[in-house]
Amino acid sequence: MKKNGFTLILFLIIGLIVGIITGQLLAPVKALSFLTQSTSIVWQPRADLQVISYDINLQIKLNLCSILGLAAAFWLYRKV
């Protein structure tokens, strides 16, 4: 497999999705609540330039499972 930027981004997105799904599956387990507590990062750029205006809302929710998924995806990328 050829390593390039697109492959890395693909691995990271898949790792993030797997981590999020794992976190949702582990949410009912009380003993593992530290893995599933999420933190939100919000960025809301807006502008009104009289001719055009925009309002963008970008929100990222991260928990420990999703970060572990990202780390595992990066590790797998390095091994391939």
| said: Could you list, ordered by first residue, the pairs with Cβ atoms under 7 Å in which the first is in the range 36-49 and under 21 Å from residue 17 (Cβ atoms) and the second is among the aliphatic types (A, V, I, L, M) and not in a strand (DSSP E or B), at least 6 apart or interchain? | reply: 36/26; 36/27
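Being closer than 22 Å to residue 77 by Cα, modelled with pLDDT of 90 or more and not polar (S, T, N, Q) is true for just one of 9, 41. Which residue is that?
Every option except 9 fails the conditions.
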| note | Filtering the range 50-80 down to residues that are among the aromatic types (Phe, Trp, Tyr) and touching a residue at least 40 places away in the same chain (Cβ under 8 Å) yields 74, 77
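The values are calculated or read from the model by the stated rules, or taken from the named source; none is laboratory data. Given the structure is predicted, the values throughout are model-derived calculations rather than measurements. Because the Cβ atoms are built from the backbone with ideal geometry, glycine has one as well, and the counts that use them run over all protein chains shown.
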